[in-house]
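The values are calculated or read from the model by the stated rules, or taken from the named source; none is laboratory data. Just so you know, these numbers come straight off a predicted model, no measurement behind them. Note that we place each Cβ from the backbone using ideal geometry, even for glycine, and neighbour counts take in every protein chain shown. We work out accessible area using only protein heavy atoms, side chains counted, and drop any ligands, DNA or RNA first. Shrake-Rupley method; radii C 1.70, N 1.55, O 1.52, S 1.80 Å.
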Protein chains: 2
Amino acid sequence: MSIGQPIHLRRLNARAICQRLLAHGPASRADLAKVLGLSAVTTGKVVDDLLAQGILQIAPADKEAPRKTNELGRPGQQVFLARTPPRFITLQLGVRHTRLAALPAAGPLAGEGWLIQFPTPADGPAWLKALQAHADNLQVTDPIALMLSVPGVVDEPAGRVLLSPNLHWLEAADLPRMLQEVTWGTPSPPAPGRQNAASPAPPVHLVQEIRALALGQLAAEPAEGDFLLVDFGQGMGGAVVAGGRLMAGPLPLSGELGHTPVLGNHRKCGCGATGCIETLAARPGLLASFAQAHPQQERSWPRLVEWVQVNGVEPWLRQTLEQVGVVVVGALNVVGVRRVIVTGALAELGSQVLEVLSQTVKRSAMWGRFGAVECVSAPRRRALGLATAALDRVVAPE
Amino acid sequence: MSIGQPIHLRRLNARAICQRLLAHGPASRADLAKVLGLSAVTTGKVVDDLLAQGILQIAPADKEAPRKTNELGRPGQQVFLARTPPRFITLQLGVRHTRLAALPAAGPLAGEGWLIQFPTPADGPAWLKALQAHADNLQVTDPIALMLSVPGVVDEPAGRVLLSPNLHWLEAADLPRMLQEVTWGTPSPPAPGRQNAASPAPPVHLVQEIRALALGQLAAEPAEGDFLLVDFGQGMGGAVVAGGRLMAGPLPLSGELGHTPVLGNHRKCGCGATGCIETLAARPGLLASFAQAHPQQERSWPRLVEWVQVNGVEPWLRQTLEQVGVVVVGALNVVGVRRVIVTGALAELGSQVLEVLSQTVKRSAMWGRFGAVECVSAPRRRALGLATAALDRVVAPE
DNA sequence: CATTACTTAATAAACTTAATTAAATAATTT
DNA sequence: AAATTATTTAATTAAGTTTATTAAGTAATG
């Protein structure tokens, strides 16, 4: 409840250690102590705690690996975030696909791949049914929590989807309750003296997709803790990370950069308003503009990507990019970050597009003279983001 | 250096107590303990600490004041933030006026008034000279710090003004060093055995004006910890407070909502760019638009205010308000707050203007359906903001 | 190769800070 | 005087620190 109790110190330190490991990979206790500014003793104790809880593991000594030259002294044991057994279920609910995986306590590292993926059905009951069919195959027992990323506007504490223009059934759905009904993973082996029960339903935590993406990006490059992430998919989202923290109040509504109105734009948006930037810059909007400019071309995303690769940034696209630039600069100015990270559709269109956007942003952002604004693309790291959110549940539960 | 040491707990708790007192006025130790969720013992100890440091004081028992009926038991001693002797110097450097005051450890409460005010001279040396002339009259000895609010873009940690379109000399000035040369307040009385020395120059802390305003607003209504503050003066600034925290990364540039570009606006901005919203919506921009619409009218701020009171929101003003609305909605969408607080020029134009702005914002903000966005005006509380910033220096010094 | 010196890692012991709970004391009202 | 609430005192606990010790390596040397 209150804030200033001794246990908070331990949680703070445990969390710092886990985040460091998540970010920079295995390290010895001594390394951790040095980097985090804690004493070696405390670091050792916290690490021991985390080892006992199964959150960390000790790497087996590798006699083969030669130490760096000039490295003297007793070598430290490398510890790392335990990856087995899986303790979390992550569920990415997307407009086109649903992805499902059991994750170790501290999330997947790169290249782990997804266990299960299926096309998202068009309504809730069908989705739940498909999910149940696949859930049985999960390699998980006694999951700690289920982390669910959802596109649209999400009231995370309440577990409600407030607005989902592309998956309307979500708005009426009580996702946490629905998901309680799913049986996750293989049943626990029958313990002596009690019924052979399935794993109890884990608590469900909703995460707004754009927030998951931002957390993932932050985890991937934790040294770069200041950026504006802009994602383009069926919609458009934007989230600000500053000082290594994802900016968002306790209010449910954030990250909805896509619904910034653009003067002179009269397209209807799924949110009910008119003129939102995402009607121009997200996938459907780009396709619509493309079709308008080239009615004879096939109206498909692959065709558009190909077209842009060949023909470069045509005026209709340039105009959209300039409008995106204005919206991005607005966000930059308020919070004071210098890096813009683009993911999704606009990133797929290639470096020329990114370059034009970058030029626009650099031209409009007021502090061009103090150090250029950077505009880079990155892959989506939704999974890593969910894992990071999950980590908090393990290490720093309320 | 590191984060998780025992002393941090004490600082956290001391700060929580001070902020509570700053926000809600005097309270007993028992009240504080209950509200903050700390034990009575801890609360007592922290309060004793703060009393010993002179940051808190005990209110004299008032036999006359009748207790609330049904209040049994030993009455608690009311403690409050000490107001004497002054320990801080606050300095508001404005385009038009400079204001100077000595504040008690925990800032002024309402209606305290300013001790000294003078028109800001046109260059640094003149300003420093005027400042020195007035500084002698300050009722302060041994000031802890000098809190200085500055309009424009400020690198707070470095103590540099990066951009100040309206006071160009600031950009080259090393304010902290300049202010070291000023002798503050009356010299200490000659102590036996040492020279009769003036007070040593206190450390100087720069605060971006818009941040000071936001902190002040937050301190004034701490229960309302989520808002976007938009201030209109010679320029325009915007700052986001969410969850009771002022959002800003470690980077110096933030709050510069005024430099969001508006498509189709070709006015040159003092920042060097073209089309910034502040060329339309800040005081000079409003006056320019007014003069354009009514060339025969006197081009002065009082005349404009009067005109708007009489003639209401004319098209030229409505258009500007809609453009401001777009910029505001952009900021709202990203960070997810519901209250927009307007201070300065636009607030002075009266409730009709605020109403139009409010309508625009409500229409454009995507979540009109989840609960109306509020748009209210408030007085500037720069002084209280500086006081809050100062409080952090006393209670939670690094 | 075996031994010794040196370096760094990890742990143990003693101590410090700041929280906690439990009990005692103080100041009012009924 | 009894009840009630506020504050303080004393003892305990949690989690940090420093200092000292032990462990596990490399480097130098006979």
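Go through the residues of the range B:346-353 one by one and say whether even a single one is closer than 15 Å to B:GLY237 by Cα and crowded, with 19+ Cβ neighbours inside 10 Å. So far as the range B:346-353 goes, yes, one or more of its residues are closer than 15 Å to B:GLY237 by Cα and crowded, with 19+ Cβ neighbours inside 10 Å.
Note on the range A:1-48: residues that are under 24 Å from A:PRO143 (Cα atoms), open to solvent by 40 Å² or more (accessible area, probe 1.4 Å) and away from every other protein chain (no Cβ under 13 Å) amount to 1. Looking at B:VAL353, B:VAL337, B:VAL324, can you tell me which residue is under 27 Å from B:GLY152 (Cβ atoms), facing chain A (nearest Cβ under 10 Å) and out of contact with any Cys (no Cβ under 9 Å at 6 or more places or on another chain)? Of the residues listed, the single one that is under 27 Å from B:GLY152 (Cβ atoms), facing chain A (nearest Cβ under 10 Å) and out of contact with any Cys (no Cβ under 9 Å at 6 or more places or on another chain) is B:VAL337.
Does the range A:334-355 contain at least one residue that is part of a loop (DSSP other than H, G, I, E, B), over 23 Å from B:GLY330 (Cα atoms) and touching a residue at least 12 places away in the same chain (Cβ under 8 Å)? Within the range A:334-355, one or more residues are part of a loop (DSSP other than H, G, I, E, B), over 23 Å from B:GLY330 (Cα atoms) and touching a residue at least 12 places away in the same chain (Cβ under 8 Å).
Just the residues that are in a helix (DSSP H, G or I) and near DNA strand D (Cβ under 9 Å from one of its atoms), please, taken from the range A:5-35. Once the filter is applied, which keeps residues that are in a helix (DSSP H, G or I) and near DNA strand D (Cβ under 9 Å from one of its atoms), the range A:5-35 yields A:PRO6, A:ILE7, A:HIS8, A:LEU9, A:ARG10, A:ARG11, A:LEU12, A:ASN13, A:ALA14, A:ALA33.
Looking at A:GLY275, A:GLY285, A:GLY264, can you tell me which residue is within 14 Å of chain B (Cβ to nearest Cβ) and surrounded by 14 or more Cβ atoms within 10 Å (Cβ to Cβ)?
A:GLY275
Against the numbered list (1) within 16 Å of DNA strand C (Cβ to nearest atom); (2) modelled with pLDDT under 90; (3) closer than 19 Å to A:LEU391 by Cβ, A:ASP62 comes up short only at (3). Considering the range A:267-317, the qualifying helices (runs of 4 or more DSSP H), each wholly inside and each with 3 or more residues that are farther than 21 Å from A:GLU171 by Cβ, run over A:283-293, A:301-311. Against the conditions (1) within 12 Å of DNA strand C (Cβ to nearest atom); (2) without any contact (Cβ under 8 Å) to a residue 24 or more places away in the chain, B:VAL35 satisfies every one except (1). When residues in the range B:167-186 are screened for being assigned to a loop (DSSP other than H, G, I, E, B) and over 15 Å from B:PRO121 (Cα atoms), 7 of them pass. Screening A:VAL327 on (1) crowded, with 23+ Cβ neighbours inside 10 Å; (2) in a helix (DSSP H, G or I); (3) at pLDDT below 85 shows it passes everything except condition (3). On inspection, B:GLU224 fails the criterion of being more than 25 Å from A:VAL328 (Cα to Cα), away from every other protein chain (no Cβ under 14 Å) and out of contact with any Ser or Thr (no Cβ under 7 Å at 6 or more places or on another chain).
How many residues does the range B:79-137 hold that are of a type in the set (S, T, N, Q), within 19 Å of B:LEU22 (Cα to Cα) and either open to solvent by less than 20 Å² (accessible area, probe 1.4 Å) or at pLDDT 90 or above (or both)? The total comes to 1. Given the structure, is A:ARG29 within 15 Å of DNA strand C (Cβ to nearest atom), at pLDDT 90 or above and not assigned by TED's automatic domain parsing to the domain that holds A:ALA390? Yes; evaluated as a whole, the condition is true for this residue.
Summed over the range A:127-166, the residues that are part of a helix (DSSP H, G or I) and of a type in the set (A, V, I, L, M, F, W, C) give a count of 6.
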